Protein chains: 2
Amino acid sequence: MHDFKAPIRDIQFTLYEVLGAEQHYQRIGAQEANRELVDAIIVEGGKFAEEVLAPLNQIGDTVGCQFDNGVVTTPPGFKEAYKQYVEGGWPSLAGEAAYGGQGLPESLATVVNEMVSTANWSWGMYPGLSHGAKLTLSQYGTEEQKQTYLSKLTSGEWTGTMCLTESHCGTDLGLLKTKAELQADGSYSITGTKIFISAGEHDMAENIVHIVIARIPGSPAGTKGISLFVVPKMNADDGSKNAVSCGSIEHKMGIHGNATAVINFDNAKGFLIGEPDHGLKYMFTFMNFARLGTALQGSAAAELSFQGSLAYAKDRLAMRSLTGPKFPEKSADPIIVHPDVRRMLLQQKAIAEGGRAMIYFCTLQGDILNSNVSAEEKSEAEDIMSVLTPIAKAFLTEVGYEAANNGLQVFGGHGYIAEWGMEQIVRDTRIALLYEGTTGIQALDLLGRKVLSDRGKKLRLVTRVMHRFCRDSKNSEMKEFIKPLRKHYKDWGGLTTKLGLKALKDREEVGAASVDYLMYSGYITLAYFWATMADTAYSALKTGSTEKDFYESKIKTARFYFERILPRVKTHKLVMMSGAGNLMDMGDDQFGFYQ
Amino acid sequence: MHDFKAPIRDIQFTLYEVLGAEQHYQRIGAQEANRELVDAIIVEGGKFAEEVLAPLNQIGDTVGCQFDNGVVTTPPGFKEAYKQYVEGGWPSLAGEAAYGGQGLPESLATVVNEMVSTANWSWGMYPGLSHGAKLTLSQYGTEEQKQTYLSKLTSGEWTGTMCLTESHCGTDLGLLKTKAELQADGSYSITGTKIFISAGEHDMAENIVHIVIARIPGSPAGTKGISLFVVPKMNADDGSKNAVSCGSIEHKMGIHGNATAVINFDNAKGFLIGEPDHGLKYMFTFMNFARLGTALQGSAAAELSFQGSLAYAKDRLAMRSLTGPKFPEKSADPIIVHPDVRRMLLQQKAIAEGGRAMIYFCTLQGDILNSNVSAEEKSEAEDIMSVLTPIAKAFLTEVGYEAANNGLQVFGGHGYIAEWGMEQIVRDTRIALLYEGTTGIQALDLLGRKVLSDRGKKLRLVTRVMHRFCRDSKNSEMKEFIKPLRKHYKDWGGLTTKLGLKALKDREEVGAASVDYLMYSGYITLAYFWATMADTAYSALKTGSTEKDFYESKIKTARFYFERILPRVKTHKLVMMSGAGNLMDMGDDQFGFYQ
């Protein structure tokens, strides 16, 4: 298995050179996040990921979490690594100062989370889920709830979860059955069974804070009657056991190191967060964070897979270059000489680095929401983020999964063998297309809720960002990127209008076009980020940078992306405009004919 | 886990109605393969697959093969199922009568193999590998070798393998190190270690006949010095143990029920097959069979995945149709009402049924090769097959893997959980893109060896088949399919010429275009088969068939394919014409920048 290396140089390039993080932190009033501090965080976070977490990635898969009579044991080393993580103060990085946090911008937590999660996705989900719980409590919790739970989550002494899914409902949460009955003391008695609870039970912390959705008797049916509760595994007042238990953990395709738990609440003591029946809205705080976190799984998979397959492609000898031996002194050429191997490497690189830029961009928008800039600026950042979040989540996980498959493919038959670690990346990443809303759900969110509902207003904020970049770029060499980018973002708008008109006649057109629309949007969005990176690289080369290879690599990868990946929009466009009939005309009984 | 059902009706449709198998068997002189017999074989084979093999598929995955000190134990039930298979006479179906075979056409063995392999891929590989060994011995073995080994393989008492790969070479067999030294008695002493030997060791039969490639000292270096040997696990003359041992079995992503063995030959006694140094040519008999067998894994995965996800989509309730409740009496609509779920179901159906037609077509060409028709007819069949085999292998496994992923995706989060069986299909199928030559290798074979080497002559035989179909179709409704098909197969030829010219200037253009060219070719080829199926369906409807739903389903699936899958050729065309520069200009040291 290849040793993971934190991509420090690329993180710095993306954060500082492409996205102007130094000015950004000034703008949002985070003066403490100066270059020196941020660099130190990146380097130390990278070291932790490389030295502590990466070595546990494979054993996390092979040993997995063990369940015995309600008790979950995490894989060897996971618990100790978590202790080091807490001692290093990592959980508190972006936490509210009033509850023990360091008050740094969320975007910095994302950068650290990226390295942690690339090194060991299963492990990273434990603090990842906690972070979501923190955000929810920070935004909607009472002062008492914050003192009690948020401070412990911030220190990392306790971890958190999100308890949404039940066996009969995941996407359609309006069907949930878990009930919450008001008690004389103002608390609620929670009863029901939740499934698919990531990090739901483990041995890494002394308490687990479950954020649970449930229905209060008498509340409206469907999603309008959902309330949000905080339900600790151990009662916070006296440390006694709450009526919360782990019924089992799932046997899954991957992420074996993370416990996916069935959690039973049997008249467990819980506390309402915010107002009754507003739970779904609150939960979306958590969900939006989780969606961006899941988007990260796509680019993280591409990064890890790329590192492994790049090393292998330079090492493994097979056949000769079609233009004659490149390494005549060896028994065969290393496979990196073969064009198709390069194609697979470059696809991974394009997604790893392009995805990084897309996610960092989104998380910087998130910083703006939490800052003191004008309401107008905030509203714009929120709108841009609301369009980009489903794109980042679904698109990056789809192409990240493709990247993981390409990484495996570079290894030939060896890629299928567990010891190389490549097939684990494929298995681990597969879940990213499912949880926090499947690709199909993200696509409906994007096209139905985000884009068509305001007749493309929010979308135009996104394409305006692209327009301004194209207008302002100073490098004449950028034509090869700017010309197609301009064409595509204009098409994006035009196509959206056409789909809107089709949808007025037949609502099924939205669902029938949605996934192709999302992928189409994703390819154009990533083209924008690759164009900005090429532009940054050209500028750096002109100022006489000594890192000629690094910047040339960016330009060449951008070219690869524009010439070999971006053309996929052609197909998506044709397909999404092909009409709903070719999907809807088939009778339910016409699909299969089995005796 | 969903119960597998043999797709009897669809097999009959494809074989008889689309491909005219009755006339075909007459033409090749296989009079005994009349409709009654063939139907009986299909029904009985289907029953065996459903009742004996399908129930062992999941346990094959969870228990897997166990290795202990050289001994491999197959999963519970595998051995007993094999015994039943032998008792049923299945191994001898297409075998030579002189060695105990029933002498039926190879294509019928493929039909049975399809059902067997769909029900339980890992199990099916044991007889599958035997079948390849049989074909090799049948074609190149001496009379004595046939009497000794072929008869035992035909009865199924013994099984066979193909021992090619060594740890340092898979694709590049010229690098192999296993040596074969001539002994005084005319036998050879074989020494070396082979890896990735499917069905290489097990407890299902009393002997295993290894077909081994090795180098005789003094033979030329590279692929021109490879010879082929038969090396039994137990010596055939006295039943004593040969110096063949299993060193270990691999831990793999999937196909856990099939032992992927390391086989050590320590001065093992082997016998030369055919002439020295001609091994690679002989081996390709085996390989071509294996490639078509692997192509089957793509459509088999699509079929199994489709059956599971179709049942789930009709059962699982979530959300309401965008056009209002379709099942108002239920708490939500079954997810089959949602356009995007239908898109995923139809992609699977299109690959399962279209892939079946493509593979059956190829195997019928194979029948012709083995028959007494004219040399000209044989040569044409061989040429067509040589173009279609790499397409079927690589294209169908790529889109079959996509289908398996779509099946998993229909299940949402449940698809990631082992008990549903959907993630197993994804893991099992992933290997199909690797073994018997990766997608990249098939693509080079297609574009470099099969198409460009004779300036498209063999390719024109394939497009001529399409041309004749378009010319001869009698159904006026077929315009929607014939018009685009005609355009595409003409484009295919034109594009090939253009690539040929590019390749004259720069050989890297072949490698750079190859995989996109292969996928492009695959989509057009499958379009042809869907068009023929739609044409057959229109004709049947006009003759007043009572199976209206069945035939309408074919036409609607063809429409789905033409409108939503075939447009992918647009992107592949753009990408393959984008030039090799965007892959080759990147310096080897410009790919990654890690400290």
Flag for residue B:349 being farther than 22 Å from residue B:413 by Cβ and within 8 Å of chain A (Cβ to nearest Cβ): yes
Here the qualifying pairs (Cβ atoms under 6 Å; residues six or more apart or on different chains; first in the range B:547-564 and in contact (Cβ under 8 Å) with a residue 40 or more places away in the chain and more than 7 Å from chain A (Cβ to nearest Cβ); second of a type in the set (Lys, Arg) and in a helix (DSSP H, G or I)) come out as B:557/B:349
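So is residue B:219 away from chain A (no Cβ under 14 Å), more than 26 Å from the chain's Cα centre (by Cα) and closer than 30 Å to residue A:58 by Cβ or not?
The answer is no for residue B:219.
Which is assigned to a helix (DSSP H, G or I), in contact with a strand residue (DSSP E or B) (Cβ under 7 Å, 6 or more places away or on another chain) and aliphatic (A, V, I, L, M), of B:350, B:300, B:313? Even if it seems obvious, please write down each step before you answer.
Working: B:350 fails: in contact with a strand residue (DSSP E or B) (Cβ under 7 Å, 6 or more places away or on another chain); B:300 fails: in contact with a strand residue (DSSP E or B) (Cβ under 7 Å, 6 or more places away or on another chain).
Step by step, each of B:350, B:300, B:313 is checked, and only B:313 is assigned to a helix (DSSP H, G or I), in contact with a strand residue (DSSP E or B) (Cβ under 7 Å, 6 or more places away or on another chain) and aliphatic (A, V, I, L, M).
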Output yes when any residue across the range B:357-380 is under 30 Å from residue A:511 (Cβ atoms) and assigned to a helix (DSSP H, G or I), and no when none is. yes
Is the range A:404-426 home to any residue that is more than 14 Å from chain B (Cβ to nearest Cβ) and surrounded by fewer than 20 Cβ atoms within 10 Å (Cβ to Cβ)? no
When residues of the range B:394-426 are filtered for being farther than 21 Å from residue A:255 by Cα and either outside any helix (DSSP H, G or I) or in contact with a Gly (Cβ under 7 Å, 6 or more places away or on another chain) (or both), how many remain? 5
Condition first: in a loop (DSSP other than H, G, I, E, B), over 23 Å from residue A:261 (Cβ atoms) and of a type in the set (Val, Ile, Thr). Can you find one or more residues in the range A:167-179 that meet it? no
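So if I check each of B:269, B:252, which one is more than 30 Å from residue A:502 (Cβ to Cβ), touching a helix residue (DSSP H, G or I) at 6+ places or on another chain (Cβ under 7 Å) and not aliphatic (A, V, I, L, M)? Full working, then the answer.
Values: B:269 fails: touching a helix residue (DSSP H, G or I) at 6+ places or on another chain (Cβ under 7 Å).
Going through B:269, B:252 in turn, the sole match is B:252.
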Could you tell me how many of the residues in the range B:219-244 are surrounded by fewer than 17 Cβ atoms within 10 Å (Cβ to Cβ) and assigned to a strand (DSSP E or B)? 2
Quick check on the range B:444-455. Is at least one of its residues at the interface with chain A (Cβ under 9 Å from one of its Cβ atoms), over 15 Å from the mean Cα position of the chain (by Cα) and touching a residue at least 24 places away in the same chain (Cβ under 8 Å)? yes
Residue under question is residue A:100, and the condition is that it be surrounded by fewer than 21 Cβ atoms within 10 Å (Cβ to Cβ) and under 22 Å from residue A:134 (Cα atoms); does it hold? yes
For residue A:336, which of the numbered conditions (1) surrounded by fewer than 24 Cβ atoms within 10 Å (Cβ to Cβ); (2) more than 9 Å from every other protein chain (Cβ to nearest Cβ); (3) assigned to a helix (DSSP H, G or I); (4) not small (Gly, Ala, Ser) fails to hold? (2)
Considering the range B:150-182 alone, what residues qualify as being among the hydroxyl-bearing types (Ser, Thr, Tyr) and closer than 30 Å to residue B:221 by Cα? B:161, B:165, B:167, B:171, B:178
Residue A:330 - would you say it is surrounded by fewer than 18 Cβ atoms within 10 Å (Cβ to Cβ), among the charged types (D, E, K, R), without any contact (Cβ under 8 Å) to a residue 40 or more places away in the chain and within 14 Å of chain B (Cβ to nearest Cβ)? yes
Taking the condition of being over 15 Å from residue A:45 (Cα atoms) and either touching a helix residue (DSSP H, G or I) at 6+ places or on another chain (Cβ under 8 Å) or in contact (Cβ under 8 Å) with a residue 60 or more places away in the chain (or both), how many residues in the range A:64-82 meet it? 13
Go through (1) under 23 Å from residue B:438 (Cα atoms); (2) surrounded by 24 or more Cβ atoms within 10 Å (Cβ to Cβ); (3) within 14 Å of chain B (Cβ to nearest Cβ); (4) not charged (D, E, K, R) one by one and return the number of the condition residue A:319 breaks. (2)
For residue A:51, which of the numbered conditions (1) touching a Phe, Trp or Tyr at 6+ places or on another chain (Cβ under 6 Å); (2) within 14 Å of chain B (Cβ to nearest Cβ); (3) assigned to a helix (DSSP H, G or I) fails to hold? (1)
Residues of the range A:83-105 being in contact (Cβ under 8 Å) with a residue 60 or more places away in the chain and more than 23 Å from residue A:52 (Cα to Cα), which ones? A:103, A:104, A:105
Condition first: touching a residue at least 60 places away in the same chain (Cβ under 8 Å), under 13 Å from the mean Cα position of the chain (by Cα) and away from every other protein chain (no Cβ under 14 Å). Can you find one or more residues in the range B:301-310 that meet it? yes
Of all helices (runs of 4 or more DSSP H) fully inside the range B:494-595, the set with 3 or more residues that are more than 30 Å from residue A:587 (Cα to Cα) is B:508-542, B:568-576, B:581-584
Can residue B:292 be described as under 30 Å from residue B:421 (Cβ atoms), within 11 Å of chain A (Cβ to nearest Cβ) and part of a helix (DSSP H, G or I)? no
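Out of the residues in the range B:52-70 that are polar (S, T, N, Q) and surrounded by 16 or more Cβ atoms within 10 Å (Cβ to Cβ), state the one that is nearest to residue B:258 (Cα to Cα).
Restricting to residues being polar (S, T, N, Q) and surrounded by 16 or more Cβ atoms within 10 Å (Cβ to Cβ), the top hit is B:57.
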Quick check, is residue A:585 closer than 30 Å to residue B:346 by Cα, surrounded by fewer than 23 Cβ atoms within 10 Å (Cβ to Cβ) and acidic (Asp, Glu)? yes
Among the residues that make up the range B:5-17, is at least one of them under 24 Å from residue B:309 (Cβ atoms), out of contact with any Phe, Trp or Tyr (no Cβ under 9 Å at 6 or more places or on another chain) and not assigned by TED's automatic domain parsing to the domain that holds residue B:423? yes
Kindly provide the set of residues from the range A:10-36 that are exposed (fewer than 15 other Cβ atoms within 10 Å of the Cβ) and touching a residue at least 24 places away in the same chain (Cβ under 8 Å), ordered by number. A:29, A:32
Only residues in the range A:507-527 that are more than 8 Å from every other protein chain (Cβ to nearest Cβ) count as the first member; pair them with residues that are of a type in the set (Asp, Glu), Cβ under 7 angstrom, at least 6 apart or cross-chain, and list the lot. A:519/A:398
Unmet criterion (only one of (1) closer than 28 Å to residue A:75 by Cα; (2) crowded, with 20+ Cβ neighbours inside 10 Å; (3) small (Gly, Ala, Ser); (4) modelled with pLDDT of 95 or more) for residue A:214: (1)
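The values are calculated or read from the model by the stated rules, or taken from the named source; none is laboratory data. Since we're looking at a predicted model, the values are computed, not measured. Neighbour counts are summed over all protein chains in view; Cβ atoms, including those assigned to glycine, are modelled from backbone coordinates with ideal geometry.
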